[in-house]
Amino acid sequence: MIDRFGEQMKVTRDMGIDLHLQGPDRAVAIAVDPALQALRPVLGTISNAPVSLIVATGEPRPGQDGDFAVQVHARLRNRLSQYAEFTGGGSIAGGHAGGMIAILQAAKSLREGSATFCLAGGVDTYLQTETLLWLDENEQLHSEGNIYGFCPGEAAGFCLMTTLRTARKYAIPPLLQLIGIEGAHEENRIRTETVVLGEGLGAAFRTLFEKAVTDPVDRIICDMNGERYRANEYGFATIRNPGRFKDAADFETPADCWGDVGAASGPLFVSLVTEAEARNYQTGRLSLIWASSENGIRAAALLGGMRRAA
């Protein structure tokens, strides 16, 4: 496709998915394998493991509106039903922070005892004709003529979550500890005439730190994608939370490598921390991940390695 500058649009496509597959079917095709990988600890070891499936997709937008999220949840659950017994759960059309909100809801269900295992995650794809045209019209596509845009991508990420008690009961070795997770809302949203001062993200950080731990954060992973709004928001949010970061300027932006993956961002950030812990190159005890949706939803979580937690 050609953008408004007459150049080919720069996207990051999942090369394993049929280019002509569109809509909810494309999202499900992207999500199946990551979901099965996350389910692996209970497959074949726990008979009829009860799992609550919580799936987030992008926000309603051209090329992905109506009951898109509901359809993705239903079709993915149907594809996975031969591997586990699904009870409860649901869908969230939550945008960039959606996958983290799915994790937040899963954590709440586990704390309340309404779920035994939760498969929480997100799947997103911008590779719809209507979506790409809409991004181009909104001046959000990255190009030589628009350096502050982003490269639209597609991906899925899932986390299998349970309590430490349940993990021990079924002899499942935990890979990571969710120390805390919080959500908030930003009134001064992107693509509006307002000026962002980091109030929503700052509130998510503040509540997270107040409820969780007092140690400074060692590692920061976020969904900044090249848009100036997100950088400004993060800058103000850190100013509102002094003393909470070892180095607030030392943060990682995976969108530089895999493009903007929307609702899949948060769960994929979890996978980065998990791999770092498993391969023993995690630099500190505490990791902060955060994401911001265009609709104003903000989410932040603190993660810790099980070896250090023990």
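Consider the range 270-284 and keep the residues that are surrounded by fewer than 17 Cβ atoms within 10 Å (Cβ to Cβ) and part of a loop (DSSP other than H, G, I, E, B). The one that is modelled with the lowest pLDDT is THR283.
Given the criteria closer than 21 Å to SER265 by Cβ, without any contact (Cβ under 8 Å) to a residue 24 or more places away in the chain and either open to solvent by less than 60 Å² (accessible area, probe 1.4 Å) or aromatic (Phe, Trp, Tyr) (or both), does ALA231 qualify?
Working: closer than 21 Å to SER265 by Cβ: yes; without any contact (Cβ under 8 Å) to a residue 24 or more places away in the chain: yes; either open to solvent by less than 60 Å² (accessible area, probe 1.4 Å) or aromatic (Phe, Trp, Tyr) (or both): yes.
Taking the combined requirement at face value, the residue satisfies it.
Specify the residue that is surrounded by the fewest Cβ atoms within 10 Å (Cβ to Cβ); the eligible residues are those in the range 212-227 that are part of a loop (DSSP other than H, G, I, E, B), in contact (Cβ under 8 Å) with a residue 40 or more places away in the chain and under 19 Å from the mean Cα position of the chain (by Cα). Explain how you work it out, then say what you get.
Keep residues of the range 212-227 that are part of a loop (DSSP other than H, G, I, E, B), which gives 212-216, 218, 223-227.
Now drop any that are not in contact (Cβ under 8 Å) with a residue 40 or more places away in the chain, which leaves 212-213, 215-216, 218, 223, 225-227.
Applying the additional criterion that residues be under 19 Å from the mean Cα position of the chain (by Cα) yields 223, 225-227.
Working: ASP223: 29, ASN225: 27, GLY226: 18, GLU227: 21.
Filtering first and then ranking leaves GLY226.
The listed residues are THR162, THR87, THR125, and the only one of them that is touching a strand residue (DSSP E or B) at 6+ places or on another chain (Cβ under 7 Å) and either of a type in the set (D, E, K, R) or modelled with pLDDT under 95 (or both) turns out to be THR87.
For the range 254-264, name all the residues that are within 25 Å of ALA184 (Cα to Cα) and either surrounded by fewer than 16 Cβ atoms within 10 Å (Cβ to Cβ) or charged (D, E, K, R) (or both). First the steps, then the outcome.
At the first step, the residues of the range 254-264 found to be within 25 Å of ALA184 (Cα to Cα) are 254-255, 259-264.
Scanning the range 254-264 gives a single hit, ASP260.
Considering the range 228-251, the residues that are in a helix (DSSP H, G or I) and charged (D, E, K, R) include one that is farthest from the chain's Cα centre (by Cα), namely ARG228.
Taking the condition within 24 Å of PHE269 (Cβ to Cβ), over 20 Å from the mean Cα position of the chain (by Cα) and part of a helix (DSSP H, G or I), does PRO41 pass? Give the derivation first.
Details: within 24 Å of PHE269 (Cβ to Cβ): yes; over 20 Å from the mean Cα position of the chain (by Cα): yes; part of a helix (DSSP H, G or I): yes.
Against the criterion (within 24 Å of PHE269 (Cβ to Cβ), over 20 Å from the mean Cα position of the chain (by Cα) and part of a helix (DSSP H, G or I)), PRO41 qualifies.
The residues on offer are ALA155, ALA106, and the sole one that is open to solvent by less than 10 Å² (accessible area, probe 1.4 Å) and either on the phi < 0 side of the Ramachandran plot or under 15 Å from the mean Cα position of the chain (by Cα) (or both) is ALA106. Candidates GLN22, GLN71, GLN82: the one that is over 22 Å from ALA120 (Cβ atoms) and open to solvent by 40 Å² or more (accessible area, probe 1.4 Å) is GLN22. Here GLY89 passes the criteria (1) farther than 22 Å from ALA301 by Cα; (2) buried (at least 16 other Cβ atoms within 10 Å of the Cβ); (3) free of Cβ contacts under 8 Å to residues at least 40 places away in the same chain except the one numbered (1). Of the listed requirements (1) within 15 Å of the chain's Cα centre (by Cα); (2) surrounded by 24 or more Cβ atoms within 10 Å (Cβ to Cβ); (3) over 20 Å from ASP14 (Cβ atoms); (4) not aromatic (Phe, Trp, Tyr), VAL123 misses just one: (3).
Residue under question is ASN48, and the condition is that it be surrounded by fewer than 14 Cβ atoms within 10 Å (Cβ to Cβ) and either modelled with pLDDT under 95 or assigned to a strand (DSSP E or B) (or both); does it hold? Working first, answer last.
On the way: surrounded by fewer than 14 Cβ atoms within 10 Å (Cβ to Cβ): yes; either modelled with pLDDT under 95 or assigned to a strand (DSSP E or B) (or both): yes.
It is true that ASN48 is surrounded by fewer than 14 Cβ atoms within 10 Å (Cβ to Cβ) and either modelled with pLDDT under 95 or assigned to a strand (DSSP E or B) (or both).
Test GLY296 against the stated conditions and say whether it is within 26 Å of GLN37 (Cβ to Cβ) and open to solvent by less than 50 Å² (accessible area, probe 1.4 Å). No, not satisfied. Of the set (1) open to solvent by 10 Å² or more (accessible area, probe 1.4 Å); (2) in a helix (DSSP H, G or I), all apply to PRO267 but (1). So which of ALA167, ALA156 ends up being within 17 Å of MET100 (Cβ to Cβ) and either assigned to a helix (DSSP H, G or I) or in contact with a strand residue (DSSP E or B) (Cβ under 8 Å, 6 or more places away or on another chain) (or both)? Just a single option satisfies the conditions, and that option is ALA156.
For every residue, the table says whether it meets (1) among the acidic types (Asp, Glu); (2) surrounded by 20 or more Cβ atoms within 10 Å (Cβ to Cβ).
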{"position": "LYS169", "(1), (2)": "no, no"}
{"position": "THR192", "(1), (2)": "no, no"}
{"position": "VAL196", "(1), (2)": "no, yes"}
{"position": "GLU199", "(1), (2)": "yes, no"}
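The values are calculated or read from the model by the stated rules, or taken from the named source; none is laboratory data. As the structure is a computational prediction, the values presented were derived from the model and not from experiment. So basically every Cβ, Gly included, is an ideal-geometry build from the backbone, and we count neighbours across all protein chains shown. Note: accessible area is taken over every heavy atom of the protein model, side chains too, but ligands, DNA and RNA are not part of it. Shrake-Rupley method; radii C 1.70, N 1.55, O 1.52, S 1.80 Å.
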